[in-house]
Structures are given as structure tokens and as C-alpha cells.
2 protein chains.
Amino acid sequence: MTFKVPEDIALCLNEDRGKAFLESIWNKKAAYCCVIGNTETAKIPGVSAAGANPEATDFTPAADMELLYFGRCKCIDGVPITPDGIPTPGIVTMSALKLAPMPIFVVNGGLRVKPHTPYIEVEGTPGGDIRTGKAVKGAERAFDRALVAGRQLAKTVDYLVVGESIPGGTTTALGVLTALGYDTKEKVASTFPVNPHDLKGKVVAEGIAASGIDPELLRNDAMAAVQAVGDPMMAPAAGLIAGAAESVPVLMAGGTQMAAVLAIIKAMDDTVMDNLALGTTRWISEDKTSDLRGLVSQMGDVPVMAANLNFSASRYDGLRVYETGLVKEGVGAGGSSIMAMAATGGKVTCRSLLDEIEKNYARLVSRR
Amino acid sequence: MTFKVPEDIALCLNEDRGKAFLESIWNKKAAYCCVIGNTETAKIPGVSAAGANPEATDFTPAADMELLYFGRCKCIDGVPITPDGIPTPGIVTMSALKLAPMPIFVVNGGLRVKPHTPYIEVEGTPGGDIRTGKAVKGAERAFDRALVAGRQLAKTVDYLVVGESIPGGTTTALGVLTALGYDTKEKVASTFPVNPHDLKGKVVAEGIAASGIDPELLRNDAMAAVQAVGDPMMAPAAGLIAGAAESVPVLMAGGTQMAAVLAIIKAMDDTVMDNLALGTTRWISEDKTSDLRGLVSQMGDVPVMAANLNFSASRYDGLRVYETGLVKEGVGAGGSSIMAMAATGGKVTCRSLLDEIEKNYARLVSRR
């Protein structure tokens, strides 16, 4: 029987390779990993909506992980929200993992607030404001440690799904993609419906200038680029993915932040690129204010696919608002939705996911 | 075809259950985990030989883990040795993992020196001298975090093997077993050929008295016992094993230290005991100065088995000396040898293991 890609997954780039990738993971055993961290960049006014206020963004990654493990947050009341009260995309990931239970592993890239969960330590440290041009310390060490961890995890399952949670991460993504010489013009996404491209561009330019590193050198040294204008999620995510992809397929679960991680992997070890795909949400793949395809197509023929999540018919305002372009992606929401469909051979659909998401939303958010 | 236990594995206690356990893991997919930590107890003169000198014992667990991952140590030159220069049993574990490659996971129970490897963090802290009666902080938190990690790992493989590396650990084992009310008279093993039972007993009695806790209360509160006179490996090892054993078999790889961990598991959640077995070395099972069977038989019908490792015919003095009762066990040497046999359906034998051990010994030790 020939494999047919379900309608709930849209192939967005390198479609044939995307279809083959999906076929290779269909009904197979997965583990979900999430690389988390904090960067002071999130606290630059106007940069991130991944927290009720700039200080609250410190808690968002830890709270997201607690949500995945325990179905509720421990380090904060309720769940992470935007300044407008819109809940974290971690609710999507958590719902996907409920419908398709699988092992969950957290990697601490560098956190100000630790989750009340076990996590894999790779000796990263929280990131600084990229305007300093010295945003991350010890990127290569974190990459190497995570590489080893990725190799171990790859021995346990058929494929890996790797997401991220780091507020401010699209700005640092713009930083690293710019430093590595990619065309980034209005291509990087945002948690805001109106993408603050100008602000982000200014922050990145300031950081690159402050780093004092010759742009030509920066372009050819991914670890230097991360250390100058990246964030502490990037190097361990790249290492984890590269280590696993030496032997198994890896679905990189995220939007333009994962494009930055892909650029780092390409620079560190491009032999693993054939084992990679990017899985994201429809809100990213159809986003008019960013261009994930335009980024990934500069890096080779890695497929991009999107879960056709659509909250327009939801009973809840807080979910319907996702259709206006708020939040869009995070905690591997899109990739984990694809993973839930693949793990259950298509039994999980965007419809059954929305039901589960609404159930969790009702429990976690609406009654607060 | 009926399953036959190979001659290289000796069933030492609850033989029928041991045979059934072995059959359940034969040719199955495993992961090897090691829970490591440091305790100041190791620095009491005469307590531990797991390092060239008391201060060197701080490096032993980290160096052991580097040996497993990279085939050589990074935080020290050479490998961990006893004051007499006898190499770590980590060489046995490393050789077993080379012959039967499988994923390796390290849990940081509480370390003074961190390994140059990724590790699972459970927020433990290094342990104090048990003579203070306040040896460990936050035992229950570490137990709970490790419990969650064990549940995740259990979803990835058919069974788990869990070892430990913590110098001074047999003295803290005596501490916890005594506190929990077990008959421990000359039952706990030692890295020394002449077991310093009197010294250990004195240290433990001092610790229990210093804790100021009513012995009756201590007997019924495993976490209080660990915090008074235990070490930081114990609670996370118990949690990891209990979490995994909810769903898969777990081979507890160690000697009398693992008996202490078993006592803790029995106190925390005795419903998982049916999924457990203890795997150790012949040097422990035949040790005249300790009594693993006498300990485990007080806890229920958990089977004990031993890898019939025998170094008397080795080309190397440093290995032959294991036959005099030095070192005996550690880093899950015995259990990982059993695991290598099980994972390869018996293709790995004590003979082929010794060949591999000698090869690694020659490379790592003899040419220093």
C-alpha cells in the first residue's frame, strides 16, 4: 500500500523528500525532546510576547516543561501567557503528547529558572542581551555535550522530535542567521501579530557591531556567531539534533528559530542534513510577516511541513485568537502535532487535537 | 526452546525468579544508567579505596562516566585507581558496553566534580560526612525527579540496568540499612580486602546519634534515613529504578550499596519489587567479609545473580589482584557484564569480556 500524506499535514517545501520523511516515521516509536533556555534579549521592550511581562519570560520555558510532564505548571500559577493573556503553545504540545504518549526529555541550554522536572544538563548558562555582542558562553561545549546525548537518545527510539522554548528566540534567530550571511529580510517570525522587523534588525545590527568580530569570520564560524548574537538554546539543540541524526531521522519542531538551528547544523556537520525535516504550524507556514521557506531553501533541500492546526472554530476566545497571528509556534507545537499523527498512524487528527487542546485549555486557563 | 541460564551467570538467591528475570531480558533492548555522587564520608581515613587518596575520590565518579562515554577519562589523567594503583571497575563496565553497545545515561545525584559528559540533573547536592547525622539534603526532591526520569527511560527500551559510582558508598549503605532496622552485622562489602567493619559501624553509630532522630522514626522514614546517614546517590537511584520498574524490568547493578537502594525502594513503593533483580560480581557473591544475600533476603524475594568474572588467569597484575578481594564491584560492573551477555543472547561470555577488559587495561593503565 502506498503511503498517503494526510490532509492535516501540509508539505511546504521539498515535498517529495517531505513525503518520504513522513513515511519513514509513520507508526514508528519516537521520543520528544525540548531544548530550553533564557536570554536577556527577551527583556528588550517589544521583542517577545512569551510571558505576561518581560520578567515573567524567565519562567516561561520551565513552566512549559512542567506542563508537558505534569499537565500543569509548578513554578508559576496557571500557564505562561502573552501580555494579552493568550496561553502558551505548550498547551498544543502537551495535548499532542497526551494523545500519543511518548518519552519526554528536556535539555537545559541555560536557564534562569529551572523546571521542577528532571533535565539533561549540558553545562550551558543563561544568555545575555545580544546588543552586547557577547550573548552566549561556552557554545561549543554545550554543542559537544548535547551531541553525545543525542547519540544516546537515538539508540533508544526510531526517531526524535526536537522542540524549543526560549522567549526572545526569534530575535536571536535573526541574529545568527544574519551573522551566518543568510538573506533574512522580513523572514523571521514573531509572537506578535505585527512583526517588529525594524526593532529586531536594529538589535541584531547593534549586537554584531558590538561583537567586534570581522563579519567575514563570523559568517564562517557558527559557534562564534551563536556566542555573539545567538541564544543558549541554539548550540545544544544543534548538537542534540546532529548527534541523533547520525543514525535516525529527526523532526525539528519549530519555526524560524529552528531554521537558525538548521543553519548551525549545516555549518557544524552537513552530513546529517539528509536525516532532517522541519515541522511547524500552519500559523507559521502561512504567516505573511515571515518566510520560513525562504530561509530553509537557502540551506539545502531539507523538507518543511506544517500541521494544519486551525482554531477558528474553537469555543474559546483564547484559542481563536491564534488565528490572528498571535504566538504562532513554540515548544514544538507544530512538530509535536505531526508526531502525534505519525505515532498513531493518522488516528490523531487536527480535529481530535483541537478537542484535546480545548479540554486542557478549559482546565488550565478559562477557570482561573 | 526452554531458556537455559549460561554458566557465566550464577543465580545466588531466589533462583527461580532469577531465571525468569533473565529470560525476560534475554536478547532484549536495554539502556544502561549510572547514578553518581560524592560524599565527604569517603574522606574518613580507612573508609574508601575508590581513589588514589581521599581527595582524589572526588574525581572518581566523573572519571568513571567519561570512561564509559569516551573510552578514556577527561577530568583526570589515566583512570581512577585505589591507593595501591588498582584500576576502577569502570573498566569492566566500559568493556561490557563496548561488546554490547547501548545507550548510556548518567544521573547526577550530587557531585563535587562534574563529568565532561551530558547528565540528567535531579537537583541533588554533594553529601556531607555521615558522622554529622545530616549527610544529604533534599532526598525526596531528588527521588521524585528521578522517578519521572525513570518513567521516561522505561518508555524507550525493554529494560533498564542501573549502576552507581560513589566512593564511600558502602559505609553510607551500612548507615541507611542500619537506620532502617536491618540486621547488618558484617554484611556490607568494602573496596578493601580486609573489611573495616568496626570503623564503619563506629562511623554509622556516630551519625545516627548525631542525627538526633528517634531510631523508631528513622526506621519508618527512608528519606529521613538517607538524609541522616545516607549519600546523594541513594534517593535518585531508588527513584529512577522505581519509576522505570512501574513498567519494565530493572537490573540493579551493584553489591551491598544496591541492597541499601533496594531497602529504600521497598520503603517508598514496594509494588515495583516484582520487576527487580540485583546483578553483581562473583567477587561480591563469594565475598567472605560481606553478605549480600543475607541483606536482600530480609527485603523479600528479589533475585540476586552474579557474573562469574574471574581474573586469576589474566596477563595483568592489576587485574589478577581483583581475585584477592580488592575493589570487587562498582559502576555496575557485575550487572553490566550480565547485561552484555543478555543483550547478545549469550554471545558475550566472561572469557570474551576478560579479553576486552585486558585490551582496555593495556591501553589505559599499563602504559602510563
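The values are calculated or read from the model by the stated rules, or taken from the named source; none is laboratory data. Here the structure is a predicted model, which means the values were calculated and not measured. Every residue, glycine among them, receives a Cβ derived from its backbone with ideal geometry; neighbour counts consider all protein chains shown.
Here are the numbers:
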item	result
Residue in segment B:150-174 that is farthest from the other protein chains (Cβ to nearest Cβ), counting only those that are in a helix (DSSP H, G or I) and not hydroxyl-bearing (Ser, Thr, Tyr)	B:LEU174
Residues (over 16 Å from the mean Cα position of the chain (by Cα), in contact (Cβ under 8 Å) with a residue 60 or more places away in the chain and within 11 Å of another protein chain (Cβ to nearest Cβ)) located in segment A:68-110	A:MET102, A:PRO103
Residue in segment B:129-149 that is at the interface with chain A (Cβ under 7 Å from one of its Cβ atoms), of a type outside the set (Val, Ile, Thr), assigned to a strand (DSSP E or B) and buried (at least 18 other Cβ atoms within 10 Å of the Cβ) present	no
Residue, nearest to A:GLU206 (Cα to Cα), within segment A:117-128, restricted to residues that are facing another protein chain (nearest Cβ under 8 Å) and of a type outside the set (D, E, K, R)	A:VAL122
Given (1) more than 14 Å from chain B (Cβ to nearest Cβ); (2) surrounded by fewer than 24 Cβ atoms within 10 Å (Cβ to Cβ); (3) of a type in the set (Asp, Glu); (4) outside any loop (DSSP other than H, G, I, E, B), index of the condition A:GLU186 fails	(4)
Inter-residue pairs, beta-carbon under 7 Å, first among the basic types (Lys, Arg) and in segment A:8-19, second in a loop (DSSP other than H, G, I, E, B), 6+ apart	A:ARG17/A:ASP301; A:ARG17/A:PRO303; A:LYS19/A:VAL5
Residue in segment B:154-165 that is of a type outside the set (Ser, Thr, Tyr), within 19 Å of B:ALA62 (Cβ to Cβ), out of contact with any strand residue (DSSP E or B) (no Cβ under 7 Å at 6 or more places or on another chain) and touching a residue at least 24 places away in the same chain (Cβ under 8 Å) present	no
From A:GLY46, A:GLY85, residue being under 21 Å from A:LEU309 (Cα atoms), surrounded by fewer than 20 Cβ atoms within 10 Å (Cβ to Cβ) and not hydrophobic (A, V, I, L, M, F, W, C)	A:GLY85
Residue in segment B:25-34 that is in a helix (DSSP H, G or I), in contact with a Phe, Trp or Tyr (Cβ under 9 Å, 6 or more places away or on another chain), away from chain A (no Cβ under 14 Å) and modelled with pLDDT of 95 or more present	yes
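To keep it simple, each residue is scored yes or no on (1) buried (at least 24 other Cβ atoms within 10 Å of the Cβ); (2) not in a helix (DSSP H, G or I).
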position: A:PRO232; (1), (2): yes, yes
position: A:PRO236; (1), (2): yes, no
position: A:ILE241; (1), (2): yes, no
position: A:ALA244; (1), (2): yes, no
position: A:VAL248; (1), (2): no, yes
position: A:ALA259; (1), (2): yes, no
position: A:ILE265; (1), (2): yes, no
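Residues are listed down the side, and each one gets a yes or a no for (1) of a type in the set (A, V, I, L, M, F, W, C); (2) under 19 Å from A:LEU240 (Cβ atoms):
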{"site": "A:ALA149", "(1), (2)": "yes, yes"}
{"site": "A:VAL162", "(1), (2)": "yes, yes"}
{"site": "A:ILE166", "(1), (2)": "yes, yes"}
{"site": "A:VAL194", "(1), (2)": "yes, no"}
{"site": "A:ASP198", "(1), (2)": "no, no"}
